[in-house]
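Derivation of every value follows stated rules applied to the coordinates shown; laboratory data play no part. Please read these numbers as outputs of a predicted model, since none were measured by experiment. No Cβ is skipped: glycine too gets one built from the backbone with ideal geometry, and neighbour counts run over all protein chains shown.
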Amino acid sequence: MVPYFQTRFVPSDISVCVIDCFHFCLFSAKCFLDMKKTISFAMLGIAMLSLSFTGDNAAVDMHTIMLIKEEGFHHSQVMKSLFELSDLNGPRLTGSDGMKRAEQWSAEQLKAWGLRNVTIEPWGTFGKGWEINKSYVAMTAPYYQALIGVPRAWTPGTNKRIEAEATLVRISTLDDMANYHGKLRGKIVVLSNLNNQTKPNFKADARRLEDDDLKKLEMDTHVNDGYTNLSQKPIPAKRRVRIRATVDSFLIAEGALAVVSGGRGTMGTVFTSNGASRKWDAPDVLPDMELGSEHLGVLGRLLESGEKVSIEMDTKTTFLKKDSIEYNVIAEIPGTDPELKDELVMLGAHMDSWHAATGATDNGAGTVVVMEAVRILRAIGVKPRRTIRIALWSGEEQGLLGSRAYVKKHFGDRLTMKLKPDQKKVSVYFNLDNGGGKIRGVYLQENDRLKSLFDAWLAPFHDLGASTLTMRNTGSTDHISFDEVGIPGFQFIQDPLEYGTRTHHTNMDSYDRASANDLMQASVIMASFVYHAAMRDERLPRKSIPSVNKSPTSYRR
């Protein structure tokens, strides 16, 4: 007779589990009467720990979840990993020495944890590497004030100390450039429209998702058309980009020395970006510093009033030309089932960051969570039926470059939809990249066939705040690369914390902005989802895909 604790139940929701437990007690009493054996409370406890709930023909292994929680909460290494990735390695702009250091560090760490087939796999050419070696800017007249600023990516440095008179330039349309012809030689340009509207902020910078937020996410998009995904990032203004490129050429032609610009972010937070192309044949631009909005406002107001302003700058940036090939870090926990070990369950996050800070929440947090998830599974000795493969991507910030190249090489072309045989072997890809907040649920990417399954997988984590499933799509990160070629790819819903206000692409994206409890919770849930996907009899259900993907999901950053 099969022991009772090895049998499976199929509850329609978690409340049915109470009935199952009652049935279990009745069954135990019957065993006692019929077999005249004493069943101790200790044995009952062991049986209860082994009890598995199911949904969509896949068991939820409560015993393994208990082990995952024990390892993930009481022996966590996630913050140690975040310190080593962010503080020790530094910024990780794709193509920089910092990114190369992070790739070596992560590969060595995964090997030390016992993962197999650890590879730093090239995915293609990227362009010029770039990093900051020195950065200083200050106003020296009408008085001295140190300014908070960060060089824009892929812009040159001054390569010496320069001091010059500043001039205010406002260019909203190309016709405005005529107003400054012959007036900029030898000047440092303050490029500002004085419209940043920096005012006292009466809203908290950090927030968690409230019940109403989660309920809105759960609603079908056809019912709630006006709602915007909380994790969706703003779409770049292409027209502004085109104008700025023309302005840059104009400023060089007019003999300006350097530019200070920016102005997004408050209280010393500077949102960084690229000020030039990484391509080898990109046109020249001036040294360019993005300033905090309050400091850019000081300069603009003084100049608008007619006051003479001088600025001192000393910046050095290096273009790295030795190696334009970029890489992803790949590692595995091999499968053990003779029939399923060639199939894959994948998890991943992008390891690259921007340059103004150490990229702790974007996306050091996601990186160390997926690393911690596989560490947990190795530590508790799981023997997955399918192979579990972790991927740490580069080039995400420039348009999902690393993950898209990997998917194209191994699984299929998103543009032609010519799929490779291994595309069918991937059961699922799980991603984390919406900051350092804890997991609250999953974006289902309109795959309603997975709702009952993911409901069951989330049920053991309701007390940790994770219970929401939404049919909505969310973009802007590496799960899109898999979704585009018909592989189930998912991003978890996360609490925003300070992601949109303080850390996303800013000079404040540091270790201090991460929550240890949130990252431990996310690691535990990631490990459980990956484990259950690897142990399931079948691959996860897929959406239908078109023969040609005429409008592949766009990347919004």
Cα gyration tensor category, rounded, prolate or oblate, for segment 318-383 with a/c compared to 1.5: oblate
Cα→Cβ-extended label distance, 7 Å offset, between M267 and N133, nm: 3.6 nm
Length released on extending from D205 to S544, taking residue separation times 0.36 nm less the Cα-Cα span: 118.0 nm
Shape call, segment 55-178: gyration tensor on alpha carbons, a/c limit 1.5: prolate
Alpha-carbon Rg/Rh ratio, for segment 53-124, with Rh computed the Kirkwood way: 1.13
In segment 319-393, chymotrypsin sites (Phe, Trp or Tyr not before Pro) in a DSSP loop with at most 13 other beta-carbon atoms within 10 Å: none
Stokes-Einstein translational diffusion, segment 111-217 - Kirkwood Rh over all Cα pairs, 1.306 mPa s, 10 °C, in µm²/s: 78 µm²/s
Highest-first arrangement of 75-88, 364-377, where packing means the average Cβ count within 10 Å: 364-377, 75-88
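May I ask you to order 93-99, 170-176 by the average number of other C-beta atoms within 10 Å around their residues, highest value first?
Going from most to least packed, we get 93-99, 170-176.
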Radius 13 Å from Cβ of P122, net charge of other residues (Lys, Arg +1; Asp, Glu -1): -2
All-pairs Cα distance distribution in segment 263-335, expressed in whole percent, bin size 5 Å: 3, 10, 14, 15, 15, 12, 10, 7, 5, 4, 2, 1, 1, 1, 0
Lysines whose Cα lies under 26 Å from that of K69, excluding same-chain neighbours fewer than 8 positions away: K80, K111, K341, K383, K438, K451
Cα pair distances of segment 370-460 binned at 5 Å [whole percent]: 2, 9, 15, 20, 25, 18, 9, 2, 0
E163-R378 pseudo-label distance in nm [points 7 Å out on the Cα-to-Cβ vector]: 5.5 nm
Only Lys, Arg (+1) and Asp, Glu (-1) charged, at Cβ; segment 421-557 dipole about Cα centre in debye: 420 debye
Interatomic Cα distance distribution for segment 277-318, bins of 10 angstrom, percent: 20, 39, 28, 13, 1
Ranked packing of 208-220, 469-481, 399-411, 155-167, most packed first, by mean Cβ within 10 Å: 469-481, 399-411, 155-167, 208-220
